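The values are calculated or read from the model by the stated rules, or taken from the named source; none is laboratory data. Not measured: the values here are computed from a predicted model. All Cβ positions, glycine included, derive from the backbone under ideal geometry; neighbour counts span all protein chains shown.
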Amino acid sequence: MKFYKPTTPAQRGMTKIDFSQLTKKGPEKSLLKYVKRNVGRSASTGRITTRHKGGGVKKLYRVIEFSQTRIDAPAKVIALEYDPNRTAFIALIQYKDAKKQYMIAPQNLKVGEEIIFSEKAPLTPGNRTKLKNIPVGTNVYNVELEPGKGGIIVRSAGASAQVLAHDGDHVNLKMPSSEIRMFKGDCFASLGMVSNPENRFYRLGKAGLSRHKGRRPHVRGSAMNPVDHPHGGGEGRQPIGLKHPKTPWGRPALGVKTRNTRKWSSKVIISRRKK
């Protein structure tokens, strides 16, 4: 982390991520793509459907390989880069036929190392293999929910799931949320922990950096009038005056169970996350 001397009010609480470990190069142009941002507005009507979005710095999307399109083909890590679209760092890998791909970089991955996606890959960070071939106690990330569909979960900075047990054709994983869940043994997962674990200590320090990220000001409900929010009203600073907080539309908020108990995935959850 980078810490700043309090020479300005913004820098008093500001902490930033140290990018000195990354390769000093621009992104791979062949792996860039423009993605139109709707910034909280409906594509059909143009009206705001999600509040507090808008503005933001222009950025291009990096095409990440979340799946395993090349099995048993070793690749060399040629760069570690920053991705403005995610909290984790990404690694640029190159195969022997000069084909390049981006992947989510695990912690402690170094430039020049070799990785491989295989059904039985060596147990080194960055390699990708099937869950049934990963021993108990190993940390994994970028895990598939269905075989062949590509990694969907455990992809944010510093995240990892732990292999707890092998049960027939299934493998039990402890998720970052502490939920214990069953996965099919043929699902692929990457070995290690996602890079940039210090991201949780990142402090913007000023409102301008929040606007750069495309986040508009979020006004407290208790600062509004009663006509605008259930928490509004009262002389001076007041508590919300309700037993439980509500959304602007009067629905319960904070601490309310929202999961559909009839969801198909409930049968694969062994232990719910701690509340």
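With touching a Pro at 6+ places or on another chain (Cβ under 7 Å) and surrounded by 15 or more Cβ atoms within 10 Å (Cβ to Cβ) as the only criterion, which of G151, G185, G192, G205 stands out?
G192
Does the stretch 1-26 hold any residues that are over 24 Å from R200 (Cβ atoms) and under 20 Å from the mean Cα position of the chain (by Cα), and which are they?
Matches in the stretch 1-26: none.
Check the stretch 55-66 and report whether any residue there is farther than 25 Å from S195 by Cβ and either in the same structural domain as V140 (by TED's automatic domain parsing) or touching a strand residue (DSSP E or B) at 6+ places or on another chain (Cβ under 6 Å) (or both).
Looking through the stretch 55-66, at least one residue is farther than 25 Å from S195 by Cβ and either in the same structural domain as V140 (by TED's automatic domain parsing) or touching a strand residue (DSSP E or B) at 6+ places or on another chain (Cβ under 6 Å) (or both).
Regarding P226, is this residue in contact (Cβ under 8 Å) with a residue 60 or more places away in the chain, over 27 Å from I90 (Cα atoms), exposed (fewer than 13 other Cβ atoms within 10 Å of the Cβ) and not basic (K, R)?
no
Any chance you could count how many residues in the stretch 109-128 are over 14 Å from A91 (Cα atoms) and loosely packed, with under 14 Cβ neighbours inside 10 Å?
Count: 3.
How about the stretch 26-61: which of its residues are assigned to a loop (DSSP other than H, G, I, E, B), in contact (Cβ under 8 Å) with a residue 60 or more places away in the chain and either among the small types (G, A, S) or within 28 Å of E81 (Cβ to Cβ) (or both)?
Result: E28, R37, V39, G54, G55, G56, V57.
Can you go through G255, G250, G234 and tell me which one is outside the structural domain of H170 (by TED's automatic domain parsing) and within 23 Å of the chain's Cα centre (by Cα)?
G255
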